[in-house]
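Coordinate-derived values only; no laboratory data. These figures come from a predicted structure and were not determined experimentally. In this analysis, Cβ positions are derived from the backbone assuming ideal geometry, glycine residues included, and neighbour counts consider all displayed protein chains.
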Amino acid sequence: MDAARAPARYRGPVPATVVTSRPDAPWLPPGGRADVVLDPDGAPPAPTGLVRLLLRSGDDVFCVPRDGGTGRLDLPTCVVPDHDDGRTAALGLARAVLGRDVVPTMVGYVRNEVLLPGAASGNYPWPAPVCHFTVWQATGTPHLPGTWLPTDAASPLADRHWWPLLAAPSRLAVTS
């Protein structure tokens, strides 16, 4: 069979891929860097500060208002209180959003790296020098009110730190 007609096959575990890197990311203390890492085959990293749940319906994603009363919409999110790898928090978040037990899978994460830990870095509330913010995916119908937003280039979500994970290339490849 020629390569053009060969079926797409999953090649197995793929190493973590840095999709984009932002030196001096504006949400970090001076000198900080944020890397967006696609890693669906990897182990969830620790420490993790927040977990987010990605639910898709076609080209739309499910969003809820952010905490803090800003009115901005974002993926459902919860804090990881003990800053472990976030698995338990992701399970709880999926249960809260979907109204049933489901095991979400990690898509990837934003890795923040800051030069000055703790109080020396200003108001940075997360573990330092490294903290992760993971995105987990599940399927199902949300059990709570929210809004489905498009994922096209004009999406109001396009400025979110995790956004590059949605545009990352597929893990399927044609092999000969």
- Task: Tell me the label-point distance for the pair D152, D82, using the 7 Å Cα-to-Cβ offset, in nm and rounded to one decimal.
- Result: 4.5 nm
- Item | Likely footprinting exposure, Y124, Y109, fewest C-beta neighbours within 10 Å first | Y124, Y109
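Neighbouring Cβ atoms within 10 Å as the yardstick, rank D84, D101, D39 fewest first.
Working: D84 13, D101 8, D39 23.
With the fewest neighbours first, D84, D101, D39 line up as D101, D84, D39.
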- If every Lys and Arg gets +1 and every Asp and Glu gets -1 at its Cβ, then about the Cα centre segment 15-169 yields a dipole, in debye to the nearest 20, of 200 debye
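Which chymotrypsin sites (Phe, Trp or Tyr not before Pro) in segment 10-101 pass both tests, a DSSP loop state and at most 12 other beta-carbon atoms within 10 Å?
On the way: sites: Y10, W27, F62; in loops: W27.
Hits after loop and neighbour filter: W27.
Restricting attention to segment 20-127, which trypsin sites (Lys or Arg not before Pro) occupy a DSSP loop and are surrounded by at most 16 other Cβ atoms within 10 Å?
Values: sites: R33, R52, R56, R66, R72, R87, R95, R100, R111; in loops: R66, R72, R100.
The qualifying sites are R66, R72, R100.
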